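Have a look at the structure below before the remarks.
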């Protein structure tokens, strides 16, 4: 068991307690390294987690956390392929289920999303619902500490446009309905691009994002838009309410009770993925499938 976790635990622990915690650590490692998931039978682990619910580990919330991870990673992961977007020099992680019904671009702007297990878990959740995913960080690793780059919505939007044009050139992707799932300043870039792509984009979901930073572009967005915000993230709730008022067409705001900005609380990220999946199922599948001639998103 990791030392960081051991330091949080009381000195006296019975065997049931230890077994429960080991199960939770097992799931945490699976999220960090999805290759561990292949060939694993989950039935017994699920049953053991249920039996742990009334133990001290359950009362501390570890079982709830473990079940959340279980819900995000229960199926064998779709194989991942790293792709390099030629005109941008940025890499992205592409996963295409055999029964892919649409493509969701997970838009980040941190320079570190490739190593983030939470981002990977959300992408896998979409894959399990038969969505192909392209996990794209609009900021390179070398730019991760450059706040001028990370906060330049115009430049980030141009990079996302380049990614959309690449999608339009790919035979496996160009005919799939397209959706955006974006966070933080990546959400601002996504909405700025959405204002140019009403004929190509089927739906957009912002998770703890700052769509307000897209400015006047919001008034040209006529794409079904869902803004998801943590209930404890008061400043972002306020800015999202302002952005929601400027959006056109179908729009909703969902507040996840008890969740902070990064949705690190037990069950919070699972709730985000579930709500986003519902939104994409409802709206994305109604959209016009992508066509090469619709892929350009320049001014």
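The numbers here are math on the coordinates, done by the rules we state, and not lab data. All values derive from a computational prediction rather than experimental measurement. Counting neighbours? That spans all protein chains shown, and the Cβs are built from the backbone with ideal geometry, glycine included.
With the simple spin-label model, which puts each label point 7 Å out from Cα in the Cβ direction, the residue 143 to residue 237 separation comes to 3.3 nm. Each of 165, 241 was scored by other Cβ atoms within 10 Å of its Cβ. Arranged with the fewest first, they read 241, 165. Available extension along the chain between residue 169 and residue 154 is 3.1 nm, counting 0.36 nm per residue and deducting the alpha carbon span. Taking the number of Cβ atoms within 10 Å of each Cβ as an exposure proxy, the fewest-first ranking of 146, 99 is 99, 146.
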